[in-house]
1. Return the total of residues in the range B:53-86 being surrounded by fewer than 24 Cβ atoms within 10 Å (Cβ to Cβ) and among the polar types (S, T, N, Q).
2. Scanning for something at the interface with chain B (Cβ under 9 Å from one of its Cβ atoms), within 29 Å of B:Pro116 (Cα to Cα), in a helix (DSSP H, G or I) and modelled with pLDDT of 80 or more, does the range A:51-63 turn up at least one residue?
3. Here are some residues: A:Ala112, A:Ala99, A:Ala92. Which one is surrounded by fewer than 19 Cβ atoms within 10 Å (Cβ to Cβ) and in a helix (DSSP H, G or I)?
4. Which one is nearest to the other protein chains (Cβ to nearest Cβ), of the residues in the range B:152-162 that are free of Cβ contacts under 8 Å to residues at least 60 places away in the same chain and over 14 Å from A:Leu108 (Cα atoms)?
5. List pairs: first residue in the range B:27-44 and modelled with pLDDT of 90 or more, second residue outside any helix (DSSP H, G or I) and not β-branched (Val, Ile, Thr) anywhere in the structure, Cβ distance under 7 angstrom, at least six positions apart or on different chains.
6. Being in contact with a helix residue (DSSP H, G or I) (Cβ under 7 Å, 6 or more places away or on another chain) and in the same structural domain as A:Val157 (by TED's automatic domain parsing) narrows it down to one of A:Leu132, A:Leu80, so name that one.
7. Can you tell me which residue among A:Leu161, A:Leu129 is at the interface with chain B (Cβ under 10 Å from one of its Cβ atoms), surrounded by 14 or more Cβ atoms within 10 Å (Cβ to Cβ) and either assigned to a helix (DSSP H, G or I) or at pLDDT 80 or above (or both)?
8. Could you check the range B:154-167 and list, in sequence order, the residues that are part of a helix (DSSP H, G or I) and more than 19 Å from A:Met96 (Cβ to Cβ)?
Amino acid sequence: MLGFGGGPSAIPLVHQEVVKKYKWMEDDEFSDVVALANTMPGPIGTKLAGYIGYRIAGVAGAINAILVSVVPTIILMIVLLFLLQTNKDIPAVQAMASAVVPVVAVMLGILALDFVKKSGESMGWKKTLIILLLSLIAMSLLNIHPAFVILSVFIIVFAPLVKRRNNK
Amino acid sequence: MIYWHIFMAFFIPGILGYGGGPSSIPLVQQEVVEHYGWMTNQEFSEMVAAGNALPGPIATKMAGFVGYDQAGILGIIVAVFATVAPSLILMIALLSVLMKYKESPYVKNLTKYIRPIIAVLLLVMTFDFAKDAWLSIGWISTLIIMIGAYLLLEKFKIHPAFVICIALIYGMVSTLF
């Protein structure tokens with residue numbers, strides 16, 4: 001409930017509960033789970049909850065842990081947005097809603113720059129720029145669905161592995 | 001049919017959104033706004049703002065809201081399931097294999113190479129949203145809010161929830177003049 005700002009910010013809070021309070025896991029084990037969740041797609045908060053729930057109490061544990069981490073905030077979200085939608089005709093509410101759009105734009109921009117910086121540091125600026133340009137052209141100019149662009153990355157990354165196996 | 005659409009709309013971001021919840025935002029936008037036309041960009045950004053201001057993982061909050069909006073309670077269940085289940089099942093099923101390959105350069109490369117693609121999607125959305133704001137509230141307010149929000153978020157490290165509240169107040173005050 002307290003993990004404001006999306007999944008990753010919940011990691012230290014989950015650590016506090018799982019390792020320190022309930023002692024379900026050792027520190028090493030916990031960081032292994034986090035590393036693993038990072039290599040898999042999808043939201044990280046629910047992967048942690050699901051896996052830890054599964055470890056402690058099987059499938060029911062997984063379902064339980066996910067429900068607990070997901071349901072309260074979804075209800076809040078629906079109430080908040082429907083309040084907004086039913087009061088849409090009031091000019092002040094409309095102005096408030098429009099004022100939020102630029103803020104979200106900035107948040108997404110910051111996130112984007114963060115991603116670019118991380119890529120630049122981890123694989124060099126030349127490669128990063130090439131991928132940035134290629135994916136910009138593919139998705140914005142050629143209108144290729146992002147799913148295909150990401151899938152082509154899978155193929156490029158794993159192609160050398162397959163080739164090596166064939167050569168043996 | 002609607003349940004199948006909801007499932008697909010969140011299944012794709014769920015299995016392709018490498019790098020945690022926030023990286024699935026542009027993928028969800030692609031499906032919900034561009035593909036199925038369930039929402040406008042304005043409504044989508046309201047949803048992201050609300051999602052950012054509220055606690056908990058953002059991907060499931062988006063799934064829950066869109067699911068409910070389109071198909072009620074059952075819609076929530078389908079959307080959240082599509083977001084959460086595929087990657088979780090993969091993770092539990094492949095745990096022993098993955099533990100071995102956690103350090104493998106191939107697996108690490110995957111996240112590395114996908115990151116810039118997500119960055120491009122986020123940047124495109126940034127420009128889209130800025131353009132929408134420009135058209136609806138004019139360039140002066142848009143610039144003031146964007147610069148203000150950037151300074152508050154990056155320079156002063158103010159929590160997003162408060163920055164959104166400040167923007168709401170700005171919007172309310174601006175109608176008084």
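1. Residues flagged as surrounded by fewer than 24 Cβ atoms within 10 Å (Cβ to Cβ) and among the polar types (S, T, N, Q) within the range B:53-86 amount to 1.
2. Within the range A:51-63 (the criterion being at the interface with chain B (Cβ under 9 Å from one of its Cβ atoms), within 29 Å of B:Pro116 (Cα to Cα), in a helix (DSSP H, G or I) and modelled with pLDDT of 80 or more), the answer is yes, since at least one residue qualifies.
3. A:Ala92
4. Going through the qualifying residues, I end up with B:His159.
5. Qualifying pairs under 7 Å: B:Val32/B:Trp38; B:Val32/B:Met39; B:Val33/B:Met39.
6. When all the criteria are applied, what remains is A:Leu132.
7. A:Leu129 is the lone residue from the list that is at the interface with chain B (Cβ under 10 Å from one of its Cβ atoms), surrounded by 14 or more Cβ atoms within 10 Å (Cβ to Cβ) and either assigned to a helix (DSSP H, G or I) or at pLDDT 80 or above (or both).
8. B:Glu154, B:Lys155
The values are calculated or read from the model by the stated rules, or taken from the named source; none is laboratory data. The model shown is predicted, which means the values in this text are computed figures rather than measured ones. Quick reminder, even Gly has a Cβ in these numbers, built from the backbone with ideal geometry, and neighbours come from all protein chains shown.
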